[in-house]
Amino acid sequence: MIRILLLVTGFLSFQPFCQSDYGVKFKITAPDGFTDETVVRLNHDASSAFDGAYDAFKWFTWNNEVPSIYSNSSNNDPLSINTHDFMDKDTTMMIWMRAMITGGTFTMETEQMGAFPENVKLALKDIESNVVYELDQDLTFNFSVSTSPNDFERFELFYSAEASVDTVGQSAIVTNMGNYNWEYELYDSMNQVIESNSVTDQFITLEDLNPGLYTVLVTDAYSLVDTLVFEIQEVTNPTNGNEAAGELAERAEDVNPNESGTASLFEMNSDASLTISVEFGQKFINYKLEELVQAQLNIYNYAGQLLISKSVSSEELDHYLIPENISAGIILIQSEKVMQSVKF
């Protein structure tokens, strides 16, 4: 769990907001009118630890009538400005408070700083009331606080990484990394719900789908929704598939399932690197290329059946999760720059 902090009396000097910064400012007002603020930001160059260029420590006031709100770095440093990199999985961050003397009804105001990308979703949960507020607009709401000489966790700030879907033959694997409590609704091309359920894992497989276009809505426990569109295609010719897979298998490198493996290059390119890594039992494609290009990703089983075929950017292929139900196969990545394959 990552801890995130809010601000109290004033900010330290910090790097100004730029186009790569997306933030939310949280301001609390006590019944006697004293206020405090904190900021949580996202920046690709920041980390969960304290970063001098992006974060600011929390300075607590000596006046016990003034409340404090803040978050923590991964090193448990209290911060008034907490900047994180964009997360690749759903993440909960705690927001802390201190109310030494004043209790009663407080007011929370949120202000979004910068236009968030579509794939960045945030929600705030009041731990006491269990009310969830989606941070897709500026909000103002009241909450009750008891006086406390100690710091206490008051809110959960929820970051929702965008869910993803991969097709495998007549099945689709929906991935919601970091989330074990979510729901989905599957719609066909006529916008009719054909399947819905609750999920307690990071993956769900939708099986026996007819060829066609589908939409799946993924809703997590914080009411944040991802809309995913995918297509199930006609089954490819198994004879051609066998021939293609056989040729690929001859030219690709074998990978020990318990170790990382490196791909062989059909066309050598010193800037390209394709490897398979195994992390906690999950297999990932790791693709490195100096410039951002569009590539075609195909994954075959050893019988020659095309399991996954999709157009992706080279950036998306870096640390790309191979669905759990594909235990072995052949990966082919082709772009204008290079063609590479690897067995796993």
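Need one word for region 96-224: rounded, prolate or oblate. Basis is the Cα gyration tensor (sqrt eigenvalues a ≥ b ≥ c); a/c below 1.5 gives rounded, then a/b vs b/c decides.
prolate
Going highest first, how would you order 222-228, 274-280 by mean Cβ packing within 10 Å? Write out the running numbers ahead of the final one.
On the way: 222-228: 18.1, 274-280: 15.3.
With the highest mean Cβ count within 10 Å placed first, the list reads 222-228, 274-280.
Using modelled backbone amide H atoms (1.01 Å from N, in-plane), which distant-in-sequence or interchain residues come within less than 5 Å of SER48's amide H?
Those lying under 5 Å, H to H, from SER48 are ASP85.
Set Lys and Arg Cβ to +1 and Asp and Glu Cβ to -1, take the dipole of region 17-143 about its Cα centre, and tell me which of ALA123, PHE106, ASN64 lies farthest positive.
Of the options given, the answer is ASN64.
Through the Karplus equation 6.51 cos²θ - 1.76 cosθ + 1.60, θ set to phi - 60°, convert the phi angles of region 43-56 into ³J(HN,Hα) values in whole Hz; use x for Gly and Pro.
8, 4, 8, 9, 10, 6, 7, 5, 10, x, 7, 10, 10, 9
Is there a pair in LYS310/LYS343; LYS121/LYS310; LYS89/LYS121; LYS121/LYS288 whose C-alpha atoms are over 23 Å apart, and which pairs would that be? Can you show the working numbers first?
On the way: LYS310/LYS343 18 Å; LYS121/LYS310 25 Å; LYS89/LYS121 12 Å; LYS121/LYS288 28 Å.
LYS121/LYS310; LYS121/LYS288, as the Cα separations exceed 23 Å there.
Roughly speaking, what is the stretch gain from ASN286 to ASP188, that is 0.36 nm per residue apart minus the C-alpha to C-alpha distance, in nm to one decimal?
Here the answer is 32.0 nm.
Using heavy-atom solvent-accessible surface (probe 1.4 Å) with all chains present, what is the largest-first order of MET87, MET100?
MET100, MET87
Obtain the nm distance between the two label points defined at ASN63 and VAL225 by a simple spin-label model: each point lies 7 Å from its Cα along the Cα-to-C-beta direction.
4.5 nm
Could you let me know the centre-to-centre spacing of region 170-234 and region 123-145, using Cα atoms, in angstrom?
28 Å
Rounded to whole Å, give me the distance from the Cα center of region 50-96 to that of region 276-290.
Cα centroid to Cα centroid, the span is 32 Å.
How much net charge surrounds SER164 when only other residues with a Cβ under 13 Å from its Cβ are counted (Lys, Arg +1; Asp, Glu -1)? Can you show the working numbers first?
On the way: positive: LYS89, LYS310; negative: ASP88, ASP90, GLU162, ASP166, ASP226, GLU316.
Residues near SER164 contribute -4 overall.
What distance in nm separates the two pseudo spin-label positions at LEU217 and GLU134, each 7 Å out from Cα along the beta-carbon direction?
1.0 nm
Could you sort ASP166, ASP208 by their accessible area in this structure, using a 1.4 Å probe and putting the largest first?
ASP208, ASP166
Using a 1.4 Å probe on the protein heavy atoms only, what accessible surface does TYR187 show? Give it in Å² to the nearest 10.
Only protein atoms counted, so the area is about 40 Å².
Using a 1.4 Å probe on the protein chains only, how many percent of the accessible area of region 18-146 belongs to carbon and sulfur?
Working: 2580 of 5710 Å².
Answer for region 18-146: carbon and sulfur cover 45 percent of the accessible area.
The values are calculated or read from the model by the stated rules, or taken from the named source; none is laboratory data. No experiment lies behind these values; they were computed from the predicted model shown. Positions of Cβ are backbone-derived with ideal geometry, glycine not excepted, and every protein chain shown enters the neighbour counts. These area figures cover heavy atoms from the full protein model, side chains too; ligands, DNA and RNA do not enter into them. Shrake-Rupley method; radii C 1.70, N 1.55, O 1.52, S 1.80 Å.
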